[in-house]
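Okay, so here's the structure we're looking at.
What follows draws every value from the coordinates through simple rules; no lab data is involved. What you see is a predicted model, and the numbers here were worked out from it, not measured in a lab. Don't worry about glycine lacking a Cβ; one is built from the backbone with ideal geometry, like all the others, and counts go over all protein chains shown.
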Amino acid sequence: MPLTSNIARLEATLLQMSLCMRLVPAFLLVSTSWLGALSGVSADMKPLELTVEGNRLTLSAPANARVKPASQFGVEVIVSDRIQLTIETLADETSIAEYKKDTLANTGIFKRFLVDTPTALLHEDMVVSNPAYRVFTYADTGKVKVTCRDSRVIDLSETEARTVMKLCQSIRSKL
């Protein structure tokens, strides 16, 4: 059974218990902490420094995040075994439009966009009757233009994909 459905059932049970005991605020605090721990993303975010093609960048990431080369144009940020993102400098304003066009052309698995903005896409695919969520973002940091996406290593849940998108959207040039 998928981890996310187990978490949802556990949260539903805890919510019922907490409502009976009038401890809703305590439940919300505990369940949020558990979700972060289970996805490998801690609430303790800090600036993570990285260099992409000689450009110094930072992004807000958990303390356990690490950086490794991904290609000659980018790096991979590994937060957990499930939360991984790829940041590359081969980017311009058309990157989002090109990615969206390619995604829409993949009619065999594409289901819908959950986020569709000029700088970010989050979409749901259907892979062997299971949903998989993908993220692709574009950022002009003032010094360099980058794309940031999930690493495509694993099929993400919607919550995990939204975490990847939040991490990607925190990219800034290091002064």
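What the Kirkwood sum gives for the range 36-122 is a hydrodynamic radius of 14.9 Å, with every pair of different alpha carbons counted.
Taking the Cα centre of the range 79-150 as the origin, how large is its charge dipole in debye, to the nearest 20, when only Lys and Arg (+1) and Asp and Glu (-1) carry charge on their Cβ atoms? Let's see the in-between values first.
Details: 9 positive and 11 negative charges, 24 e Å.
Dipole magnitude for the range 79-150 comes out near 120 debye.
Given a cut-off of 19 Å, name the pairs among Lys46/Lys174; Lys143/Lys174; Lys143/Lys166; Lys145/Lys174 whose C-alpha atoms lie farther apart than that in the structure shown. From Lys46/Lys174; Lys143/Lys174; Lys143/Lys166; Lys145/Lys174, over 19 Å: Lys143/Lys166.
Along its three principal directions, the equivalent ellipsoid of the range 105-175 from the Cα gyration tensor extends over semi-axes of 25, 12, 9 Å, largest first.
Can you check what the net charge comes to around Glu76, using other residues whose Cβ is under 12 Å from the Cβ of Glu76 (Lys, Arg +1; Asp, Glu -1)? Could the numbers behind the result be given before it?
Values: positive: Arg66, Lys68, Arg149, Arg152; negative: Glu88, Asp150.
With Lys, Arg at +1 and Asp, Glu at -1, the net is +2.
Rounded to the nearest 0.05, what FRET efficiency is calculated for Arg172 and Glu93 with R0 set to 22 Å and r the Cβ-Cβ distance? Efficiency at R0 = 22 Å is approximately 0.75. Counted residue by residue at 0.36 nm each, then reduced by the alpha carbon distance between them, the extension gain from Thr117 to Asp140 reaches 6.8 nm.
With an 8 Å cut-off on Cα pairs and a minimum separation of 6 or more residues, tell me the relative contact order of the range 45-173 in percent.
24
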